[in-house]
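The structure under discussion appears below in the form of structure tokens.
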Amino acid sequence: MVERTRSRRGAGGRVDGGGNYFAAPKDDIDFVPTGCVLLDLALGGGWAERKVCNIIGDSSSGKTLLATEAMANFLQKYPKGKARFRDVEEAFIPSYARTLGVDVDKIDFGSGDAPILTVEDLYEDLEAVTAKARRPEFYVVDSLDSLSDRAELARKFDEPTFGGNKAKQMSQLFRRITSLVEKSNVTLMFISQVRADIGPFASARGTKQSGGWAVRFYRSQALYLSTKGKIYKTVRGLKKPLGINVRAYVDKNRVGLPYREAEFPILFGYGIDDVAASLDWLKSIKRLDELGISNTVEKGELLKIKRQYTLAEGGPEVPAEEITALVKKNWYEIEEQILPTRRKYGG
């Protein structure tokens with residue numbers, strides 16, 4: 001009988017042997033933080049650099065906000081790097097981004113004289129950017145669904161179309177740019193909306209993305225966002241929405257384990273409430289006591305602790321760094337207990 005034991009951590013914190021490769025931080029891949037430690041862990045470390053990342057979700061589920069926080073974290077990691085935002089939807093509001101603490105002056109929004117309107121425009125812009133990129137760059141497109149193609153723009157409004165041309169252009173776009181991104185210093189992030197998928201060939205999820213299947217094949221990370229409800233606060237007897245609760249589901253991941261989830265609140269004018277998400281998760285696995293907080297703490301008392309960090313209702317008793325460290329420790333311990341520990345072919 002073969003004895004199966006837990007493999008030990010090797011140099012650099014890596015776990016040696018079997019599926020435990022995924023149960024420790026990876027030191028051979030660079031990541032950009034998402035702004036939420038739980039989401040970083042679900043993605044395998046954050047947004048993978050020099051890869052194609054895709055955020056998909058319903059309207060008002062935090063897609064543009066996640067991209068904005070990604071750019072902010074990228075610029076903090078690489079002060080001399082370049083962030084580019086191609087606002088096809090005209091949905092980005094610089095003044096709001098500034099309230100979140102984003103240095104908007106360091107973001108390139110492209111040329112107003114030559115806006116990105118079509119798939120062809122996007123390819124030409126990306127080709128020029130990747131050819132000249134020497135320092136790390138972060139390139140966001142918001143969104144793929146808003147892109148047209150030149151054939152569509154050339155048609156009259158009432159002229160019939162079968163809608164297949166854009167899908168072909170998308171496929172050609174991703175075949176060409178994937179290798180360009182991989183060889184350059186550019187991290188590419190696409191934002192996508194979801195459409196209702198109806199008919200006899202509808203998917204089990206009930207939703208789909210426009211523009212064909214190309215993005216599904218060529219992206220390295222795919223994150224689906226959905227809202228779980230609003231967050232309210234009552235002031236002087238008036239109940240007002242303060243934010244939303246979001247569920248993030250990792251549908252595809254070439255740099256980590258897929259099908260992981262993270263839940264977090266987004267507060268209007270603040271962004272992702274990372275500490276609140278961490279405290280809720282630690283409570284769900286009954287590890288709050290390691291912070292000196294009872295695992296049976298009442299909802300109102302835990303809410304008061306969360307707001308010490310975000311709503312300036314007092315100084316926090318536990319440093320945010322300690323909370324983050326505890327979340328990471330428990331996340332990796334859980335993954336290590338789930339994943340196989342034995343190498344299939346020995347060695």
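We did not get these values from a lab; they are worked out from the coordinates using the rules stated. Here the structure is a predicted model, which is why all the values come from computation and not from measurement. No Cβ is skipped: glycine too gets one built from the backbone with ideal geometry, and neighbour counts run over all protein chains shown.
The table for this structure:
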item: At 1.002 mPa s and 20 °C, Stokes diffusion of region 28-269 via Kirkwood alpha-carbon radius, µm² per second; result: 114
item: Cross-link partners of Lys156 among lysines (Cα-Cα below 26 Å; sequence separation of 8 or more within a chain); result: Lys166, Lys168
item: 22 Å Cα-Cα reach of Lys132 towards lysines, excluding residues that sit fewer than 8 places from it in its own chain; result: Lys51, Lys77, Lys80, Lys82, Lys106, Lys183
item: Efficiency of FRET from Cβ geometry, Tyr21 and Tyr96, R₀ 41 Å, rounded to 0.05; result: 0.55
item: Ser284 paired with Leu303, simple spin-label distance in nm, labels 7 Å along Cα-to-beta-carbon; result: 1.9
item: DSSP bridge pairs, the chain: antiparallel proportion in percent, nearest 5; result: 50
item: Region 28-269: relative contact order in percent, alpha carbon pairs under 8 Å with at least 6 residues between; result: 27
item: Sites Glu182 and Ala154 - FRET efficiency at Förster radius 35 Å, r taken between beta-carbons, to 0.05; result: 0.60
item: Residue-averaged 222 nm ellipticity for the chain, from DSSP H runs of 4+ at -39500 (n - 2.57), nearest 500; result: -10000 deg cm²/dmol
item: Violating pairs (Cα-Cα greater than 24 angstrom) within the set Lys286/Lys328; Lys286/Lys344; Lys230/Lys299; Lys306/Lys329; Lys26/Lys286; Lys240/Lys306; result: Lys286/Lys344; Lys26/Lys286
item: Estimated FRET transfer efficiency (Ile29, Ser59; beta-carbon r; R0 35 Å; 0.05); result: 0.65
item: Within region 95-169, trypsin sites (Lys or Arg not before Pro) in DSSP loop having at most 10 other beta-carbon neighbours inside 10 Å; result: Arg134, Lys156
item: Exposed-site-free run, longest, the chain (rule: GluC sites (Glu not before Pro); DSSP loop; at most 16 other C-beta within 10 Å); result: 91-297
item: Cα-projected label distance for Arg134 with Tyr259, points at 7 Å along beta-carbon direction, nm; result: 4.6
item: Net lengthening on full extension, Glu127/Phe217 (0.36 nm per residue, minus Cα-Cα); result: 30.4 nm
